[in-house]
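Single-structure report; data block below.
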Amino acid sequence: MIPQSFDYSAPATLKEALAQVSSGAKPLAGGMSLVPIMKLRLAAPEQLVDLGRIPELNYIRKEGSELRIGAMTTHYQIESSPLVRADCALLGETAGRIGDVQVRNVGTIGGSVAHADPAADYPAALLALGASLKLVSTGGERVLAAAQFFLDTFTTALDPGELIAEVRVPVSSGAGTAYVKLAQPASGFALVGIAARLVRAGNRIGSAAIGVTGVGPKAYRASEVERLLAAGKPTREAALHITGGIDVNSDLHASAEYRRHLASVYAARAIELAWSRTE
Amino acid sequence: MGTTTAIRTKTYVGERIRRKEDPRLITGTATYVDDIQMPGMHHASIVRSPHAAARIKGIDAKRALETPGVVAVFTGADVKEVGPVPCGASLPGLRVPQHSILARDRVYFVGHPVAVVVATDRYVARDAVDLVEVDYEPLPAVADPERALEPGAPAVHPEWPDNVAFTYHQEGGDVNKAFAGAEVVVKQRITSQRLIPTAMETRGVVADWRAGDKALTLYSSTQIPHLLRTLVAMMLGLAENRLRVVAPEVGGGFGSKLNVYAEEALMGFVAMRIGKPVKWIESRRENFAATIHGRGHVDYFELAANKDGTILGLKLKLIQDLGAYHQLLTPAIPTLSVLMIPGVYRFQNVFCDIVGVFTNCVPTDAYRGAGRPEATHGIERMVDILADELKIDAAEIRRKNFVRPDEFPFATATGLSYDSGNYAAPLDKALEIVDYNRLLEEQQQARKEGRLVGVGISTYGEICAFGPSPATPAGGWESGSVNIDPTGKVTVATGASPHGQGEETTFAQIAADELGIDIDDVVVVHGDTAIVSYGIGTFGSRATAVGGTAVYFALQELKKKIGTFGAMLLDSGDVSYRAGRCICNKTGKSVSLSEIAAASYRAMKLPPNTEPGLVSTCFWEPPNFTFPFGAHIAVTEIDRETGAVSVKRYVAVDDCGKIINPLLVDGQVHGGVVQGLGQALFEQAVYDETGQLVTGELMDYAVPKATMVPWIESSHTETPSPVNPLGVKGVGEAGTIGASPAIVNSVVDALSHLGVQHLDMPLTPERVWRTLQQHGGQA
Ligand SMILES: Cc1cc2nc3c(=O)[nH]c(=O)nc-3n(C[C@H](O)[C@H](O)[C@H](O)COP(=O)(O)OP(=O)(O)OC[C@H]3O[C@@H](n4cnc5c(N)ncnc54)[C@H](O)[C@@H]3O)c2cc1C
């Protein structure tokens, strides 16, 4: 498994990296997705710019009502961060379910989000959390909601020359959250992954946000389920609508029929678990 | 006189001793094929077929050859002089396709080698592979063995349109009478899916041709260096004494390296052509597509019995997916299934038919257990199906049918003689460990609560220590040499070629005990035809039972000689050997082994009719196979909503005869169980209808990972084998053989009250969920 030849550089600043990306270099983060596809020769970038030596892309900090996470923060850093655990437990729980510990030690949130694998875990959580992304280029920066970012399978709103610099997640105070997942046994990716965020209103669900991954061509918000839950429908009934309107994936590991079923079971479980964690 | 070798009175055999080989393996200082570097070494990369079946209309290597660094491209036309990839198994009427090391005018499976690119650099070689233009005319292919048998199916080899490579029949007793008189007959189709062995280290070869010496050295990741030498020498037309084969550190084989591959001869050919050393390292994708697969059975079973559960006879129609060619032992593997089909049971009427079927897939061959896991899975499933039919407890029906302890040696209907056994002992122990009766009550309770809990038993019998030479394809003996240096240090050389099993430790234990010396004064060498006497290799759980015994007998021979020299040095006619010293029984005076060794080489004086030196070699021919056995119990629970299976407990009680090192035996059981569990729950090599390998990489082929494996409670009974003086049987494959039926029996047990009789592997959540749906058991 040998990739085609490529040039490689590892700048120390974001500015230098952006200059290279603007002239067509491909960013390399943890390499956990990019390197395998290069080895399989499904991608053959001529120039790689390694973001791994840029300290200004690796941080977790709280600013106002948001957690701000540098793109190069590893899954393990997020999983083990006390700040994340306290202010956005859903993201930490999701990070902890990615692949195995070796992958989590190297893979990054920016890389995962940019790659937009339809079975990646983070997108479900980011959608449910209403997260946004700070995108930067030599020409400036913009902030885009996660919901506007994931366009299709492996396709995002990232423009040529742009990098993800930061993931911004609203602090979830008072919500109950949960991420549940059935892993594909070979790859560890989600056959079905459901992120739920519930706000309690007395004895019932006040509002719900449900992110789904692994099921369709891209991660999505199950707005019909959210609506039914807020309208007081029983969880199991609402969960049946989890794949409404979605072109459900079918592969060796799960047929569309089975995935649809799994999605509703896991949705119900995520909702029940999140509910048990509401205050 | 001489240096003193540490003296020891404690014995090593039976102790939990850490492996001597581990420090180098876990610190990354071991030398694998890919660690070998040579001046002027070139690199090879192989062009492989993307089609399961196609005619090659032309090959244009011009662009590849123009690439700077590329020195040669060879195709099928260039290697016509090289002999075919050998099949070592012979069966009456076997159809053997011509298996050239590079495809000639047709390709027969995805991954079939078509050309080799040789370059000064590994990356250049790989890039140039994409520049070799092969003009294929795709042809219809067939990947499913049952489909291949249907009339009108595409012919894998045009000369044999029925796709049948051989049929084989074996019977014993009178099965018709048994079935005619039976009160009950149960039937089931049982598959044992194709698996990919997935050794951690893929294959690799370095070939080094010294034109001046007319000598070729082949470094290969192989389980059988000597057999490889004989066969590759034949393929290349080299005198065998001009070829040296070295198996350096081998990172796992599981049978997949018990073979002679096209690439091994091909690298020899390339090195001889370019006059430079050449290296080829297989990628993981190549490993999946072009290294042998295992299993690949569709079995139709019928079991006849009386209402009290007494089994009377068994019928089996076995369809073996062979793939497109015969590799070294391909057609022989299903015959092992038939041999072991009676398992641990007494019934004497057996009737088996095998059909070996060509498919457009990579060949199947030996994979951990090689035919016995398939047999055990079948008989253990059938016994459970019978028990369920008759409403007899699964443990009880087994006990009723076991060969009894006083019946050994026991002659089976398939012509084997089981050496020793006490089949109830591991079963009883396993039942006690799980607290069987309480477990069954808990299961009833769980059912009342709507939970699906299963208890699965498998009592396996297995055949090891391959084997008496007349019953094996290439000689079944093994060689062992012991060499004591003038300083008294001991080198053991074994023809078995361990590759992870730990014989550097266990053979050192045996030698240290026999010579009464410290284990660190013993070095065990293997895997190099230039320094080890001819040997057979490591496979079929044979290395300790056959190779260890050869070492044992070489040691006995040496001890005699040590005694002769000791008696001379002590000037005594009455000596004994203890704790590394030869002692005069009258005076109590003694000389150490190192003093004796020094005197034997200095040879100032020699005992009558005695040669100098302390060296001994034994080629030991085993009189029989050995037959380990055991009982595994799995407790599983099924998620009613999703069909996901979780293994709550796994108990393995294995009897592998006398245990030399319990730590290593546990390691073998753990690894074996994990591979059996892999087959039961996760793994499957999937080809689609066009013969494309869908599970072409580790992202789709599910090898169990640590987090997917339950805690394995391993325990033992010890019934010595009378076949060899060590009393050992073999344990390398036992775990794999016992595990898959224990898991599947457990899952079927969890569903049996819904009317489920059988489930085929792997028990993926979707498969279990669908079964629940069909039987109205879904939540
Ligand atoms: C064995 C294995 C199991 C896995 N299991 C899971 C799993 O269960 N769940 C899961 O979600 N993922 C899983 N992954 C994927 C893993 O999470 C990757 O780490 C992640 O998808 C990519 O992150 P990375 O940092 O490795 O990015 P890379 O592989 O380096 O890059 C991925 C892509 O993103 C681009 N990129 C990287 N950083 C940026 C940036 N800052 N701005 C713009 N573009 C950028 C790259 O150019 C590339 O196209 C698994 C991976 C492996 C190898």
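Distance between Cα centroids, the range B:45-124 to the range A:223-244: provide it in whole Å.
58 Å
How large is the convex hull of the C-alpha atoms of the range A:1-135 per residue, in Å³?
Cα-based convex hull of the range A:1-135, divided per residue, equals 110 Å³.
Contact order normalised by length for the range A:1-84, with contacts defined as Cα pairs under 8 Å and 6 or more residues apart; what percent is it?
Value for the range A:1-84: 32 percent.
For the range B:121-143, state which residues have at least 40 Å² less accessible area in the presence of all protein chains than in their chain by itself, taking the probe as 1.4 Å and leaving out ligands, DNA and RNA.
B:TYR123, B:ARG126, B:ASP127
How much accessible surface does B:ASP528 have with a 1.4 Å probe, in Å² rounded to 10?
Its heavy atoms expose roughly 10 Å² to the probe.
Sorted by accessible area (1.4 Å probe), largest first, how do B:MET761, B:MET604, B:MET200 line up?
B:MET200, B:MET604, B:MET761
Can you tell me the Rg and the Dmax, both Å, for the Cα atoms in chain B?
In order Rg, Dmax, the Cα atoms of chain B give 27.6, 88 Å.
What residues in the range B:607-643 lose 30 Å² or more of accessible surface when the other protein chains are added to their chain alone (1.4 Å probe)?
B:GLU641, B:THR642
Suppose every Lys and Arg Cβ carries +1 and every Asp and Glu Cβ carries -1, with no other charges. What dipole size does the range B:150-279 come out with about its Cα centre, to the nearest 20 debye?
Using Cβ point charges on Lys, Arg, Asp and Glu, the range B:150-279 gives about 580 debye.
Using a 1.4 Å probe, what is the accessible area per residue for chain B, in Å²?
So chain B comes to 35 Å² accessible per residue, rounded to a whole number.
Rounded to two decimals, what ratio of Rg to Rh does the range A:156-239 give with C-alpha atoms and a Kirkwood Rh?
1.05
As a test of reading the structure, rank B:GLU21, A:GLU46, B:GLU441 by solvent-accessible area (1.4 Å probe, protein chains only), most first.
Heavy-atom accessible area, descending, gives A:GLU46, B:GLU441, B:GLU21.
Considering only Cα-Cα distances, which of the following residue pairs are longer than 32 Å: A:LYS181/B:LYS648; B:LYS80/B:LYS276; A:LYS218/B:LYS648; B:LYS276/B:LYS489; B:LYS177/B:LYS648?
Result: A:LYS218/B:LYS648; B:LYS276/B:LYS489; B:LYS177/B:LYS648 exceed 32 Å.
Which value, in square angstrom to the nearest 100, describes the accessible area buried between chains A and B on both sides, using a 1.4 angstrom probe?
The A and B chains share an interface burying roughly 2200 Å².
³J(HN,Hα) across the range B:198-207 via Karplus (A = 6.51, B = -1.76, C = 1.60, θ = phi - 60°), whole Hz, x for Gly/Pro?
6, 4, 4, 8, 6, 6, x, 9, 10, 10
Is the C-alpha gyration tensor of the range B:129-235 telling us rounded, prolate or oblate? Criteria: a/c under 1.5 is rounded; beyond that, a/b larger than b/c is prolate, otherwise oblate.
Taking the square roots of the gyration eigenvalues as a ≥ b ≥ c, the range B:129-235 is prolate.
Name the aspartates and glutamates eligible as straight-distance cross-link partners of B:LYS279: C-alpha to C-alpha under 13 Å, and not fewer than 8 places from it in the same chain.
B:ASP34, B:ASP35, B:ASP121, B:ASP208, B:GLU263, B:GLU264
Per residue of A:250-260, what is the mean number of Cβ atoms on other protein chains within 10 angstrom of that residue's Cβ?
3
Would you work out the relative contact order for the range B:444-518, in percent, from Cα pairs under 8 angstrom that are 6 or more residues apart?
Relative contact order of the range B:444-518: 14 percent.
For the range B:585-590, in order, what is each residue's ³J(HN,Hα) by Karplus, 6.51 cos²θ - 1.76 cosθ + 1.60 with θ = phi - 60°, in whole Hz (x at glycine and Pro)?
Per-residue couplings from phi come out as 5, 7, 8, x, 5, 9 Hz.
Pairs of Cα atoms under 8 Å, at least six residues apart: use those to get the relative contact order of the range A:204-279, whole percent.
28 percent
Only protein chains counted, 1.4 angstrom probe. Which residues of the range B:694-731 are at least 40 Å² less accessible in the assembly than when their chain is isolated?
Flagged in the range B:694-731: B:MET699, B:ASP700, B:LYS705.
For the range A:133-279, what is the accessible area per residue in Å², given a 1.4 Å probe and the full set of protein chains?
Per residue, the range A:133-279 has 39 Å² of solvent-accessible surface.
Sort the range B:1-158 into rounded, prolate or oblate with this rule: let a ≥ b ≥ c be the square roots of the eigenvalues of the Cα gyration tensor; rounded if a/c is under 1.5, and if a/c is not under 1.5, prolate when a/b is larger than b/c, oblate otherwise.
Cα axes put the range B:1-158 in the oblate bin.
Over the protein assembly as shown, what percent of the accessible surface lies on carbon and sulfur atoms, probe 1.4 Å?
Solvent-exposed carbon and sulfur of the protein assembly as shown make up 52 percent of the total.
If I take R0 = 60 Å and measure r between the Cβ atoms of B:ASP574 and B:ALA706 in this structure, what FRET efficiency does the formula 1/(1 + (r/R0)^6) give, to the nearest 0.05?
About 0.55, to the nearest 0.05.
Report, in listed order, any pair from B:LYS10/B:LYS586; B:LYS705/B:LYS729; B:LYS400/B:LYS705 with a Cα-Cα distance greater than 26 Å.
Distance filter (> 26 Å) returns B:LYS705/B:LYS729; B:LYS400/B:LYS705.
Please report, in debye to the nearest 20, how large the charge dipole of the protein assembly as shown is about its Cα centre when each Lys and Arg carries +1 at its beta carbon and each Asp and Glu carries -1 there.
1080 debye
Per residue of the range A:251-266, what does 6.51 cos²θ - 1.76 cosθ + 1.60 with θ = phi - 60° give for ³J(HN,Hα)? Whole Hz please, x for Gly and Pro, Karplus curve as stated.
For the range A:251-266, the Karplus-derived couplings read 8, 3, 8, 6, 6, 4, 4, 5, 4, 4, 5, 4, 4, 6, 5, 5 Hz, x marking Gly and Pro.
May I ask you to work out the translational diffusion coefficient for the protein assembly as shown at 25 °C, viscosity 0.890 mPa s, via Stokes-Einstein with Rh from the Kirkwood sum over Cα pairs, reported in whole µm²/s?
Value of D from the Cα-based Kirkwood radius: 77 µm²/s.
Sequence-distant or interchain residues sharing an amide H contact under 5 Å with A:ARG200, placed H: which?
Placed amide hydrogens put A:GLY176, A:GLY206, A:GLU279 under 5 Å from A:ARG200.
If you add up the charges near B:ALA644, with Lys and Arg at +1 and Asp and Glu at -1, over every other residue whose beta carbon is less than 15 angstrom from its beta carbon, what do you get?
Once positives and negatives cancel, what remains is +4.
Could you estimate the translational diffusion coefficient of chain A from the Stokes-Einstein equation, with Rh from the Kirkwood formula over C-alpha pairs, at 25 °C and 0.890 mPa s, in whole µm²/s?
Estimated via Stokes-Einstein, D reaches 129 µm²/s.
Give me P(r) over the range B:11-59, computed from all C-alpha to C-alpha distances, binned every 5 Å, as integer percentages.
Over the range B:11-59, the share of Cα pairs per 5 Å bin runs 4, 11, 12, 10, 9, 10, 11, 10, 7, 8, 4, 3, 1, 0 percent.
For A:LYS62, list the lysines whose Cα falls under 21 Å from its own Cα; do not include residues on the same chain fewer than 8 positions away.
A:LYS134
The values are calculated or read from the model by the stated rules, or taken from the named source; none is laboratory data. In this text the structure is predicted, and so the values were computed from the model without any measurement. Cβ atoms come from the backbone with ideal geometry, glycine included; neighbour counts cover every protein chain shown. Keep in mind that these areas ignore ligands, DNA and RNA; they rest on the heavy atoms of the full protein, side chains included. Shrake-Rupley method; radii C 1.70, N 1.55, O 1.52, S 1.80 Å.
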